[in-house]
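Chemist: Let me begin by handing over the structure; questions about it come next.
The values are calculated or read from the model by the stated rules, or taken from the named source; none is laboratory data. Source: prediction; values computed, not measured. Here the Cβ positions follow ideal geometry from the backbone for every residue, glycine too, while neighbour counts run over all protein chains shown. Only protein heavy atoms, including side chains, enter the accessible area calculation; ligands, DNA and RNA are left aside. Shrake-Rupley method; radii C 1.70, N 1.55, O 1.52, S 1.80 Å.
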Amino acid sequence: MALRIIEAGLQTSIQDSGRHGFQSSGFSISGVLDSWAAQLANITVNNRPGEAVLEMSYVGPSITFEADMVIALTGADMAAKIDGRPIALGKPIPVTTGETLQLRTARKGLHCYLSVKGGLNVPSFLGSKSASLKDNLGGDFTGRLRVGDSIPIHTPLKSKPFSWQLSPELFAYINKNEKKIRFLQGRQIDWFSQEAISRFTSTPYKSSPQSNRMGYQLQGLPLTTNKSKDLTTEAAAFGTIQVPPDGQPIVLMAESQPTGGYPKIGQIIQDDLPVLSQAAPGQPILFQTASLAEAQRELVRNKHSLTALRLFTEMKWKEF
């Protein structure tokens with residue numbers, strides 16, 4: 001009762017909603033980069049939204065199913081096929097023992113998510129099943145998945161085909177060529193001149209090919225500070241926008257260090273982190289200031305949307 005990796009892809013790992021409460025001990029939160037797509041993958045198969053999934057980045061893996069089960073794919077389009085048959089995103093897909101899922105280079109976006117009905121039966125470490133690609137956590141499934149890895153599942157399930165799927169509009173943010181990212185002013189916003197802030201919010205930046213799960217390195221007009229003193233290291237988080245001495249901003253991502261010593265021009269609002277995470281290297285990114293009230297409204301709106309989607313899928317699964 002397992003998923004067997006027969007081609008590893010470029011960067012495939014097990015991720016859930018993250019390892020919270022241990023940053024003071026030096027552990028990154030880790031977890032999925034695109035929380036919206038990952039939650040939709042779980043909702044589609046009627047799992048709890050934060051259940052562990054496979055996060056498959058840039059170039060997808062090939063996976064053989066060693067039991068009957070129901071899966072779902074969301075996020076980036078990796079031209080998914082099962083034994084040569086194209087499959088849709090956001091749809092429960094019954095698979096049978098011996099079938100093989102093949103994913104290729106992402107056409108749009110970077111990260112694709114695979115959920116399994118009932119969840120992945122892998123051990124937790126400090127309350128999370130998330131792998132960390134930069135930390136040596138020890139044990140199975142705590143880093144990149146490799147050829148030959150066999151990932152147990154909780155619940156084998158034989159199913160007839162499903163006739164419904166989630167609306168493609170739920171993934172429209174992945175297909176937009178220009179990413180608009182809103183941020184709150186950072187703790188050191190006063191270290192930057194109005195000219196620097198205007199430059200940051202009026203000209204596009206691009207994610208560097210060196211970007212990874214720790215941080216997205218941006219390329220664009222450099223930002224200069226009007227302070228020469230050093231900054232005392234302080235807490236940082238997923239979405240913190242730091243500006244190192246070269247003036248090229250870095251957005252801290254899911255596996256960022258717990259603290260940072262560069263001035264912070266901003267903090268990306270939570271609901272735009274999935275949008276940024278799917279920005280491919282070279283894709284234009286436009287930053288816009290936002291108010292705390294706007295960030296809170298977006299958070300509430302998206303939670304309501306997820307609740308409505310959960311009610312819809314629960315009803316559909318009751319019919320099954």
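Chemist: With 306, 286, 223 as the choices, which residue is at negative phi and under 17 Å from the mean Cα position of the chain (by Cα)?
Modeler: Just one listed residue meets the conditions, 306.
Chemist: Could you list, ordered by first residue, the pairs with Cβ atoms under 6 Å in which the first is in region 289-303 and outside the structural domain of residue 182 (by TED's automatic domain parsing) and among the hydrophobic types (A, V, I, L, M, F, W, C) and the second is assigned to a helix (DSSP H, G or I) and open to solvent by 50 Å² or more (accessible area, probe 1.4 Å), at least 6 apart or interchain?
Modeler: The qualifying pairs are 299/270.
Chemist: Same structure, new question: Restrict the check to region 127-147 and report whether at least one residue is of a type in the set (A, V, I, L, M, F, W, C), open to solvent by 70 Å² or more (accessible area, probe 1.4 Å) and more than 28 Å from residue 276 (Cβ to Cβ).
Modeler: First, pick out the residues of region 127-147 that are of a type in the set (A, V, I, L, M, F, W, C): 131, 133, 137, 141, 145, 147.
In the following step, the residues that additionally are open to solvent by 70 Å² or more (accessible area, probe 1.4 Å) were identified as 147.
Now narrow it down to the ones that are more than 28 Å from residue 276 (Cβ to Cβ): 147.
Yes, some residue in region 127-147 is of a type in the set (A, V, I, L, M, F, W, C), open to solvent by 70 Å² or more (accessible area, probe 1.4 Å) and more than 28 Å from residue 276 (Cβ to Cβ).
Chemist: Right, another one. Applying the selection to region 259-286, what residues are within 18 Å of residue 190 (Cβ to Cβ) and either outside any strand (DSSP E or B) or not aliphatic (A, V, I, L, M) (or both)? Explain how you work it out, then say what you get.
Modeler: Step one: filter region 259-286 for residues within 18 Å of residue 190 (Cβ to Cβ), giving 260-267.
Hits for region 259-286 are 260, 261, 262, 263, 264, 266, 267.
Every residue, every condition in (1) surrounded by 13 or more Cβ atoms within 10 Å (Cβ to Cβ); (2) aromatic (Phe, Trp, Tyr); (3) farther than 19 Å from residue 43 by Cβ, yes or no:
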residue: 237; (1), (2), (3): yes, no, yes
residue: 267; (1), (2), (3): yes, no, yes
residue: 270; (1), (2), (3): yes, no, no
residue: 315; (1), (2), (3): no, no, no
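Chemist: Among the strands (runs of 3 or more DSSP E) contained in region 1-92, which hold 3 or more residues that are closer than 21 Å to residue 109 by Cα and in contact with a strand residue (DSSP E or B) (Cβ under 8 Å, 6 or more places away or on another chain)? Lay out the reasoning, then the answer.
Modeler: Numbers: elements: 2-7, 11-15, 53-57, 62-65, 69-77.
Qualifying strands (runs of 3 or more DSSP E): 11-15, 53-57, 69-77.
Chemist: In the list 122, 116, 95, which residue meets the criterion of being under 19 Å from the mean Cα position of the chain (by Cα), surrounded by 14 or more Cβ atoms within 10 Å (Cβ to Cβ) and on the phi < 0 side of the Ramachandran plot?
Modeler: 116
Chemist: Further, regarding this structure: For region 31-78, give me the residue count where each residue is closer than 17 Å to residue 254 by Cα and open to solvent by 10 Å² or more (accessible area, probe 1.4 Å).
Modeler: Here the count works out to 7.
Chemist: Here's something else I'd like to know. Quick check on my filter: what residues within region 98-108 are over 20 Å from residue 157 (Cα atoms) and open to solvent by 10 Å² or more (accessible area, probe 1.4 Å)?
Modeler: Answer for region 98-108, where residues must be over 20 Å from residue 157 (Cα atoms) and open to solvent by 10 Å² or more (accessible area, probe 1.4 Å): 102, 104, 105, 106, 107, 108.
Listed here are the residues, each with its yes/no results for (1) hydrophobic (A, V, I, L, M, F, W, C); (2) more than 21 Å from residue 60 (Cβ to Cβ); (3) in a helix (DSSP H, G or I).
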residue: 143; (1), (2), (3): no, no, no
residue: 148; (1), (2), (3): no, no, no
residue: 158; (1), (2), (3): no, yes, no
residue: 163; (1), (2), (3): no, yes, no
residue: 170; (1), (2), (3): yes, no, yes
residue: 177; (1), (2), (3): no, yes, no
residue: 184; (1), (2), (3): yes, yes, no
residue: 195; (1), (2), (3): no, yes, yes
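Chemist: Shifting gears a bit: Residue check: is residue 320 among the hydrophobic types (A, V, I, L, M, F, W, C) and buried (at least 19 other Cβ atoms within 10 Å of the Cβ)?
Modeler: The answer is no for residue 320.
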